[in-house]
Amino acid sequence: MAVIFQLCVVSCIRDNEPCNECEKKETVDVVIADLLPDALAAFEDLNMRTASLVFYPLSGKSSFSETLPGENGKISLPCDSYSLLIYTSDFFELDANYYRGMEHPETAESYVRQQIENGIIYVDEPDPLFSSYVENYNPEEASEKLSVTLCPRVFTYRFKIVVEGIQYLQSATATVTGMYTSAFLNDGHHREGEEGTMKVVLKKTEVNPEKNEGYLYGEFRSFGPHQRKDVKHHVSIALTNGETKVVELDDLTTPIKSLTRGGEFVIKQKIVIKDNGGGGQGSDFNPGVVDWEDIEIPVPA
C-alpha cells in the first residue's frame, strides 16, 4: 500500500532566526493511495474511514497526533524535524484494536482484548491494521512528494478440514494456539513473552452425497504466529449438535509458524462422525437432528 505525502510548504518568514522559533507552519497535503496486501488478502474492498499520524519532534518537544479523514487531507506542522508514525485500523463501525505506548515510537503498540478461561489466554480477532514509520522527516527539506508504504500488521489465515458425516453438525469452532497478542507499529515486531489462543467460528461447505462428507472452513485475522521455537501451534475442533465433542488435531507447528505474513495452512487429517453402530474416531458422538440450516435430518440407525 503506497501512501503519498504531497507537501504544500508555506515557508518560514524570519529575520535570521532559528526555524524552531518561527511562528509559521508547513501545510502538508496527505494522500493515502493504496494498502499493501498480505499473503492472502489484497484488501481492495476495505474502506478506510480515518488514518492517524503521530509526529515525534526530534527537538525533544512533546509528540502530537493528527487524524486524516479518509484517504486525504491537509495537516499544518510547526517548523521542526520529526519521526513520523502513520497507522490505521479504522475500517468498521466498531474498532477491535486498542493502542498503548503512543508517547514514543519504540513503544507504540496495537493490541486486542483478552480473556482467560481455564488458564488459557484467548485473544479477540484484531481488525485489519496497517502502519508505517519514517525516522527523519523534515517538511521544509522534503521533496514535493514523499512516498511511503503502509504495511499490514495483522494477517489473514485460512484452513479447511474434511469431515465425514458433516450433515449431522449444528456448529463447529476451532481454537488455534501460539499466536501473537499484539504488534508494535514502528516495525511490526511483537512481545516475545506473550502468546494467545484464537477462537475461529467455522463454516460448512456443501455436502457431497456420494461420499457423505464436506469441508469445515475457517478464516481469521491475527497478529501472526509466535516465532519462539518452544511455542507450539495446535488446532482443536469443537463439533456441536446437542452435545459437543472436541477433536484434537496433529501438531501443526511447522506449517503455521512458517506463515508469518498470513496464508493457508493444510490439514491432512479427516474427521469422521460415524453412525451409532460405528467404531473409531467419532463413534461416540451422538449428534442431534438439527443441521446448520435448521433442517431436520434423520440420524443413521
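Just so you know, the averaged projected area of the alpha carbon convex hull for region 155-272 sits at 7.5 nm². Of interest is the spacing of the C-alpha centroids, which for region 77-122 and region 23-53 amounts to 16 Å. Highest average first, the peptides 177-187, 235-245, 127-137 ordered by how many other beta carbon atoms sit within 10 Å of their residues are 177-187, 127-137, 235-245.
Converting phi to 3J(HN,Hα) with the Karplus coefficients 6.51, -1.76 and 1.60 and the offset θ = phi - 60°, region 45-56 yields 8, 6, 10, 6, 7, 8, 10, 10, 10, 10, 9, 10 Hz in sequence order, with x at every glycine or proline.
Listed from fewest to most Cβ neighbours within 10 Å, the set Arg191, Arg153, Arg113 follows the order Arg113, Arg191, Arg153.
Under 5 Å between amide hydrogens, built in the peptide plane, is the criterion, and for Asp38 it picks out nothing among residues at least 5 positions away or on other chains. Relative to the current alpha-carbon distance between Glu219 and Thr240, full extension at 0.36 nm per residue lengthens the span by 5.7 nm.
Pairs exceeding a 20 Å alpha-carbon distance, out of Lys203/Lys268; Lys204/Lys268; Lys199/Lys274; Lys232/Lys274; Lys203/Lys229: Lys199/Lys274; Lys232/Lys274; Lys203/Lys229. The calculated FRET efficiency for Glu135 paired with Ala42, based on their beta-carbon distance and R0 = 30 Å, is about 0.60. Taking a ≥ b ≥ c as the square roots of the eigenvalues of the Cα gyration tensor, region 157-199 is prolate, since a/c reaches 1.5 or more and a/b is larger than b/c.
For Asp95, nonlocal amide neighbours, meaning residues 5 or more places apart or on other chains whose placed amide H falls under 5 Å from its own, do not occur.
The numbers here are math on the coordinates, done by the rules we state, and not lab data. Note that this is a predicted model, so its numbers are computed, not measured. Positions of Cβ are backbone-derived with ideal geometry, glycine not excepted, and every protein chain shown enters the neighbour counts.
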